[in-house]
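Below: one structure in C-alpha coordinates.
The values are calculated or read from the model by the stated rules, or taken from the named source; none is laboratory data. Just so it is clear, the model here is predicted, and its values are computed rather than measured. Here the Cβ is made from the backbone with ideal geometry for all residues, glycine too, and neighbour counts use every protein chain on show. Heads up: the accessible areas ignore ligands, DNA and RNA and are worked out on the full protein's heavy atoms, side chains in. Shrake-Rupley method; radii C 1.70, N 1.55, O 1.52, S 1.80 Å.
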Amino acid sequence: MKVRWRLLSVLMILALVAVACGDDDATTSSTGPAAASCELADLDLVSPGQLTVATGEPAFPPWVGTPTGDNFDEPESGVGFESAVVYAVAEEMGFSADQVVWVRVGFDEAIGVGPKNFDFNLQQYTITAERDEVVDFSDPYYSNAQALVAFADNPIANATTFADLADARFGVQVGTTSLDYIENVIQPSTTVSVYDSTVDAKSALEADQIDGLVVDVATAYYITAVEIPGSVVVATFGAPADAPDEFGMLFEEGNPLRDCVNVALSALRADGTLTSLEEQWLVDAGGAIIISE
(Lines give C-alpha, C1' and ligand atoms only; values in the text may rest on other atoms or scores of the structure.)
Protein backbone atom coordinates (compact mmCIF):
# COMPACT_ATOMS: atom_id res chain seq x y z
CA MET A 1 0.00 0.00 0.00
CA LYS A 2 2.84 2.42 0.82
CA VAL A 3 4.50 1.78 -2.53
CA ARG A 4 1.20 2.41 -4.26
CA TRP A 5 0.68 5.61 -2.30
CA ARG A 6 4.14 6.94 -3.15
CA LEU A 7 3.40 6.29 -6.82
CA LEU A 8 0.12 8.16 -6.52
CA SER A 9 1.93 11.03 -4.82
CA VAL A 10 4.27 11.33 -7.79
CA LEU A 11 1.32 11.25 -10.16
CA MET A 12 -0.35 13.94 -8.12
CA ILE A 13 2.67 16.23 -8.38
CA LEU A 14 2.64 15.80 -12.15
CA ALA A 15 -1.09 16.49 -12.21
CA LEU A 16 -0.66 19.66 -10.17
CA VAL A 17 1.98 20.91 -12.56
CA ALA A 18 -0.34 20.19 -15.46
CA VAL A 19 -3.17 22.23 -13.93
CA ALA A 20 -0.98 25.10 -12.77
CA CYS A 21 -3.04 27.44 -14.91
CA GLY A 22 -6.34 26.07 -13.60
CA ASP A 23 -8.87 27.52 -11.13
CA ASP A 24 -7.96 29.62 -8.12
CA ASP A 25 -8.56 26.86 -5.57
CA ALA A 26 -6.32 24.36 -7.36
CA THR A 27 -3.59 26.95 -7.83
CA THR A 28 -3.66 27.93 -4.17
CA SER A 29 -3.46 24.38 -2.90
CA SER A 30 -0.67 23.38 -5.29
CA THR A 31 1.68 26.04 -3.97
CA GLY A 32 1.58 24.95 -0.31
CA PRO A 33 4.40 22.79 0.97
CA ALA A 34 2.07 19.95 1.99
CA ALA A 35 0.60 19.75 -1.52
CA ALA A 36 3.96 18.54 -2.85
CA SER A 37 3.72 15.31 -0.87
CA CYS A 38 0.94 13.08 0.35
CA GLU A 39 3.15 11.05 2.66
CA LEU A 40 1.52 10.83 6.08
CA ALA A 41 4.40 12.59 7.76
CA ASP A 42 3.96 15.57 5.42
CA LEU A 43 0.19 16.02 5.77
CA ASP A 44 -1.10 19.15 7.48
CA LEU A 45 -3.64 17.56 9.82
CA VAL A 46 -5.80 19.05 12.58
CA SER A 47 -4.24 16.53 14.98
CA PRO A 48 -0.90 15.03 13.91
CA GLY A 49 -1.01 11.31 13.22
CA GLN A 50 -4.77 11.03 12.90
CA LEU A 51 -7.40 11.77 10.29
CA THR A 52 -10.18 13.79 11.92
CA VAL A 53 -13.46 13.38 10.06
CA ALA A 54 -16.71 15.18 10.84
CA THR A 55 -20.30 14.17 10.22
CA GLY A 56 -23.68 15.33 11.46
CA GLU A 57 -25.59 14.36 14.58
CA PRO A 58 -27.46 12.23 14.13
CA ALA A 59 -26.06 10.50 11.08
CA PHE A 60 -28.50 7.97 9.69
CA PRO A 61 -28.79 5.06 7.22
CA PRO A 62 -27.88 4.39 4.52
CA TRP A 63 -25.02 6.86 5.07
CA VAL A 64 -24.10 5.61 8.57
CA GLY A 65 -25.32 2.52 10.40
CA THR A 66 -24.36 -0.10 12.95
CA PRO A 67 -23.01 -3.65 12.55
CA THR A 68 -26.09 -5.16 14.22
CA GLY A 69 -28.63 -3.03 12.44
CA ASP A 70 -29.99 -1.88 15.79
CA ASN A 71 -30.33 1.86 16.04
CA PHE A 72 -27.82 3.73 13.87
CA ASP A 73 -25.35 6.56 14.02
CA GLU A 74 -22.04 4.76 14.61
CA PRO A 75 -19.68 6.18 11.97
CA GLU A 76 -16.80 4.37 13.69
CA SER A 77 -18.35 1.07 12.60
CA GLY A 78 -17.55 1.47 8.91
CA VAL A 79 -21.19 0.55 8.24
CA GLY A 80 -23.08 2.73 5.77
CA PHE A 81 -21.98 4.35 2.54
CA GLU A 82 -20.27 7.49 3.83
CA SER A 83 -18.63 5.70 6.74
CA ALA A 84 -17.30 3.03 4.37
CA VAL A 85 -16.04 5.65 1.93
CA VAL A 86 -14.12 7.41 4.71
CA TYR A 87 -12.32 4.22 5.76
CA ALA A 88 -11.55 3.36 2.13
CA VAL A 89 -10.07 6.84 1.56
CA ALA A 90 -8.12 6.63 4.81
CA GLU A 91 -6.63 3.26 3.88
CA GLU A 92 -5.75 4.51 0.42
CA MET A 93 -3.88 7.41 2.03
CA GLY A 94 -2.02 5.10 4.40
CA PHE A 95 -4.01 5.58 7.61
CA SER A 96 -5.01 2.61 9.74
CA ALA A 97 -8.64 2.38 10.84
CA ASP A 98 -7.78 3.34 14.42
CA GLN A 99 -6.16 6.54 13.15
CA VAL A 100 -9.56 7.76 11.94
CA VAL A 101 -11.25 9.91 14.60
CA TRP A 102 -14.82 11.18 14.21
CA VAL A 103 -16.26 14.45 15.47
CA ARG A 104 -19.74 15.93 15.18
CA VAL A 105 -20.44 19.25 13.52
CA GLY A 106 -23.77 20.75 12.50
CA PHE A 107 -24.55 20.90 8.78
CA ASP A 108 -24.78 24.69 8.53
CA GLU A 109 -22.00 25.29 11.03
CA ALA A 110 -19.51 23.41 8.85
CA ILE A 111 -20.31 25.51 5.78
CA GLY A 112 -19.49 28.77 7.57
CA VAL A 113 -16.35 30.82 7.10
CA GLY A 114 -13.38 30.16 9.37
CA PRO A 115 -11.12 27.48 10.79
CA LYS A 116 -12.40 23.93 11.20
CA ASN A 117 -11.85 21.33 13.90
CA PHE A 118 -11.82 18.56 11.29
CA ASP A 119 -9.71 17.56 8.31
CA PHE A 120 -12.83 17.03 6.22
CA ASN A 121 -16.54 16.69 6.73
CA LEU A 122 -19.10 14.63 4.85
CA GLN A 123 -22.84 14.58 5.39
CA GLN A 124 -24.26 14.68 1.86
CA TYR A 125 -22.92 18.12 0.98
CA THR A 126 -23.94 19.04 -2.54
CA ILE A 127 -21.14 20.87 -4.29
CA THR A 128 -22.34 24.34 -5.26
CA ALA A 129 -20.57 27.46 -6.48
CA GLU A 130 -22.04 29.48 -3.60
CA ARG A 131 -20.65 27.13 -0.94
CA ASP A 132 -17.35 26.88 -2.77
CA GLU A 133 -16.85 30.59 -2.12
CA VAL A 134 -16.23 29.96 1.60
CA VAL A 135 -15.11 26.32 1.82
CA ASP A 136 -13.41 23.80 -0.45
CA PHE A 137 -14.81 20.54 -1.76
CA SER A 138 -13.18 17.33 -2.87
CA ASP A 139 -13.99 15.81 -6.20
CA PRO A 140 -17.45 14.16 -6.07
CA TYR A 141 -17.65 10.84 -4.27
CA TYR A 142 -21.27 10.32 -5.26
CA SER A 143 -23.67 11.58 -7.93
CA ASN A 144 -27.10 11.79 -6.37
CA ALA A 145 -29.48 9.62 -8.40
CA GLN A 146 -33.26 10.02 -8.52
CA ALA A 147 -35.43 7.64 -6.49
CA LEU A 148 -39.08 6.67 -6.13
CA VAL A 149 -40.85 6.79 -2.74
CA ALA A 150 -44.27 5.19 -2.16
CA PHE A 151 -46.17 3.30 0.48
CA ALA A 152 -45.43 -0.42 0.48
CA ASP A 153 -49.05 -1.33 -0.27
CA ASN A 154 -49.31 0.92 -3.33
CA PRO A 155 -49.23 -1.03 -6.64
CA ILE A 156 -46.24 0.97 -7.88
CA ALA A 157 -44.19 -0.49 -5.03
CA ASN A 158 -43.85 -3.56 -7.28
CA ALA A 159 -42.71 -1.61 -10.34
CA THR A 160 -39.57 -2.85 -12.07
CA THR A 161 -39.73 -0.94 -15.37
CA PHE A 162 -40.74 2.50 -16.63
CA ALA A 163 -43.72 0.81 -18.30
CA ASP A 164 -44.97 -0.23 -14.86
CA LEU A 165 -45.04 3.45 -13.91
CA ALA A 166 -46.87 4.68 -17.00
CA ASP A 167 -50.18 5.26 -15.20
CA ALA A 168 -48.78 6.30 -11.83
CA ARG A 169 -49.79 9.59 -10.23
CA PHE A 170 -46.53 11.37 -9.43
CA GLY A 171 -45.97 14.34 -7.17
CA VAL A 172 -42.91 16.57 -7.08
CA GLN A 173 -41.66 19.98 -6.02
CA VAL A 174 -41.70 22.69 -8.66
CA GLY A 175 -38.42 23.71 -10.26
CA THR A 176 -36.47 20.59 -9.29
CA THR A 177 -34.32 18.11 -11.16
CA SER A 178 -36.88 15.50 -10.12
CA LEU A 179 -39.64 17.24 -12.08
CA ASP A 180 -37.47 17.30 -15.19
CA TYR A 181 -36.68 13.63 -14.63
CA ILE A 182 -40.34 12.61 -14.47
CA GLU A 183 -41.28 14.58 -17.57
CA ASN A 184 -38.26 13.70 -19.70
CA VAL A 185 -37.30 10.19 -18.60
CA ILE A 186 -40.24 8.44 -16.90
CA GLN A 187 -42.84 10.18 -19.10
CA PRO A 188 -46.03 9.00 -17.36
CA SER A 189 -49.39 9.21 -19.13
CA THR A 190 -50.97 11.12 -16.24
CA THR A 191 -50.33 14.76 -15.45
CA VAL A 192 -47.67 15.28 -12.80
CA SER A 193 -48.85 17.04 -9.63
CA VAL A 194 -46.44 19.89 -8.98
CA TYR A 195 -46.19 21.45 -5.50
CA ASP A 196 -44.55 24.54 -4.10
CA SER A 197 -42.42 22.49 -1.72
CA THR A 198 -41.41 18.92 -0.94
CA VAL A 199 -43.40 19.27 2.29
CA ASP A 200 -46.56 19.77 0.24
CA ALA A 201 -45.70 16.81 -1.99
CA LYS A 202 -45.16 14.59 1.06
CA SER A 203 -48.52 15.66 2.47
CA ALA A 204 -50.15 14.67 -0.85
CA LEU A 205 -48.53 11.24 -0.62
CA GLU A 206 -49.81 10.74 2.92
CA ALA A 207 -53.29 11.82 1.81
CA ASP A 208 -53.25 9.31 -1.09
CA GLN A 209 -53.60 12.13 -3.61
CA ILE A 210 -50.58 10.77 -5.48
CA ASP A 211 -49.01 7.31 -5.79
CA GLY A 212 -45.39 8.25 -5.42
CA LEU A 213 -42.75 10.93 -5.01
CA VAL A 214 -39.64 11.29 -7.10
CA VAL A 215 -36.78 12.86 -5.16
CA ASP A 216 -33.03 12.46 -4.99
CA VAL A 217 -31.70 9.38 -3.21
CA ALA A 218 -30.52 11.27 -0.13
CA THR A 219 -33.94 12.84 0.38
CA ALA A 220 -35.70 9.54 -0.33
CA TYR A 221 -33.88 7.71 2.43
CA TYR A 222 -34.47 10.55 4.89
CA ILE A 223 -38.21 10.60 4.10
CA THR A 224 -38.61 6.86 4.58
CA ALA A 225 -36.36 6.61 7.64
CA VAL A 226 -37.51 9.69 9.53
CA GLU A 227 -40.50 11.50 8.08
CA ILE A 228 -43.16 9.13 6.69
CA PRO A 229 -43.51 5.81 8.53
CA GLY A 230 -44.57 2.99 6.23
CA SER A 231 -43.10 4.54 3.11
CA VAL A 232 -40.32 2.77 1.23
CA VAL A 233 -37.70 3.55 -1.36
CA VAL A 234 -39.19 1.54 -4.21
CA ALA A 235 -36.32 2.02 -6.64
CA THR A 236 -33.49 4.20 -7.74
CA PHE A 237 -33.31 5.16 -11.38
CA GLY A 238 -30.35 4.04 -13.45
CA ALA A 239 -30.51 6.77 -16.08
CA PRO A 240 -28.82 9.91 -14.72
CA ALA A 241 -30.52 13.28 -14.54
CA ASP A 242 -29.26 16.00 -16.85
CA ALA A 243 -27.57 17.83 -13.96
CA PRO A 244 -27.38 15.50 -10.93
CA ASP A 245 -26.36 16.83 -7.55
CA GLU A 246 -22.87 15.69 -6.62
CA PHE A 247 -21.66 15.12 -3.07
CA GLY A 248 -18.19 16.27 -2.03
CA MET A 249 -16.15 16.18 1.16
CA LEU A 250 -15.99 19.63 2.74
CA PHE A 251 -12.66 21.23 3.71
CA GLU A 252 -11.60 24.49 5.26
CA GLU A 253 -10.93 26.97 2.48
CA GLY A 254 -7.41 26.47 1.12
CA ASN A 255 -6.70 23.22 2.96
CA PRO A 256 -4.01 21.43 0.88
CA LEU A 257 -5.17 18.07 2.22
CA ARG A 258 -8.00 18.22 -0.32
CA ASP A 259 -5.60 17.44 -3.15
CA CYS A 260 -4.34 14.30 -1.40
CA VAL A 261 -7.91 13.15 -0.72
CA ASN A 262 -8.69 13.71 -4.40
CA VAL A 263 -5.82 11.43 -5.36
CA ALA A 264 -7.24 8.74 -3.08
CA LEU A 265 -10.75 9.21 -4.49
CA SER A 266 -9.41 8.96 -8.02
CA ALA A 267 -7.74 5.64 -7.21
CA LEU A 268 -10.90 4.29 -5.54
CA ARG A 269 -12.97 5.36 -8.52
CA ALA A 270 -10.54 3.77 -10.99
CA ASP A 271 -10.43 0.38 -9.26
CA GLY A 272 -14.20 0.21 -8.82
CA THR A 273 -14.26 0.60 -5.03
CA LEU A 274 -16.62 3.60 -5.02
CA THR A 275 -19.06 1.84 -7.33
CA SER A 276 -18.91 -1.30 -5.21
CA LEU A 277 -19.60 0.63 -2.00
CA GLU A 278 -22.47 2.47 -3.66
CA GLU A 279 -24.06 -0.83 -4.70
CA GLN A 280 -23.50 -2.36 -1.28
CA TRP A 281 -24.88 0.45 0.86
CA LEU A 282 -27.24 2.46 -1.35
CA VAL A 283 -28.81 -0.31 -3.43
CA ASP A 284 -28.48 -3.74 -1.80
CA ALA A 285 -28.73 -2.62 1.85
CA GLY A 286 -31.73 -0.40 1.15
CA GLY A 287 -33.60 -3.17 -0.63
CA ALA A 288 -34.37 -0.88 -3.58
CA ILE A 289 -34.07 -2.11 -7.13
CA ILE A 290 -32.66 -0.09 -10.02
CA ILE A 291 -35.08 0.83 -12.79
CA SER A 292 -33.21 1.40 -16.02
CA GLU A 293 -35.70 0.69 -18.79
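Dipole size in debye (nearest 20) for the chain around its Cα centre, Lys and Arg Cβ +1, Asp and Glu Cβ -1? Working shown, then result.
Details: 10 positive and 46 negative charges, 123 e Å.
Roughly 600 debye for the chain.
Given a cut-off of under 8 Å on Cα pairs at least six residues apart, what relative contact order in percent is computed for the chain?
On the way: 530 pairs, mean separation 70.7, N = 293.
Relative contact order of the chain: 24 percent.
Give me the percent of Cα-Cα pairs in the range 139-215 that sit more than 20 Å apart, rounded to a whole number.
Values: 782 of 2926 pairs.
That fraction is 27 percent.
Report in % the part of the accessible area of the range 36-164 that belongs to carbon and sulfur, leaving out ligands and nucleic acids; probe 1.4 Å. Don't skip to the answer; put the middle values down first.
Working: 2790 of 5560 Å².
C and S fraction of accessible area: 50 percent.
What fraction of the Cα pairs in the chain, stated in percent, has a spacing above 30 angstrom? Please report the intermediate quantities before stating the final value.
Values: 15430 of 42778 pairs.
Cα-Cα pairs in the chain separated by more than 30 Å: 36 percent.
Just going by the charge dipole of the chain, with Lys and Arg at +1 and Asp and Glu at -1 on Cβ, which of Ser96, Thr190, Asn158 is farthest out on the positive end?
The listed residue farthest towards the positive side: Ser96.
With a 1.4 Å probe and all protein chains left in place, how much accessible area per residue does the range 233-293 have, in Å²?
42 Å²
Could I ask something else about it? If the range 228-284 were replaced by its equivalent ellipsoid, with semi-axes equal to the square roots of 5 times the Cα gyration tensor eigenvalues, what would those be, largest first, whole Å?
On the way: eigenvalues 157, 51, 30 Å².
With the √(5λ) rule applied to the range 228-284, the semi-axes are 28, 16, 12 Å.
Please report the orientation-averaged projected area of the range 77-167, defined via the convex hull of its C-alpha atoms, in nm². Numbers along the way, then the final one.
Details: hull surface 37.4 nm².
Orientation-averaged projected area of the Cα hull: 9.3 nm².
Let me ask you something else. Any idea what diffusion coefficient the range 195-293 gets from Stokes-Einstein, in µm²/s, Kirkwood Rh on alpha carbon pairs, 20 °C, 1.002 mPa s?
133 µm²/s
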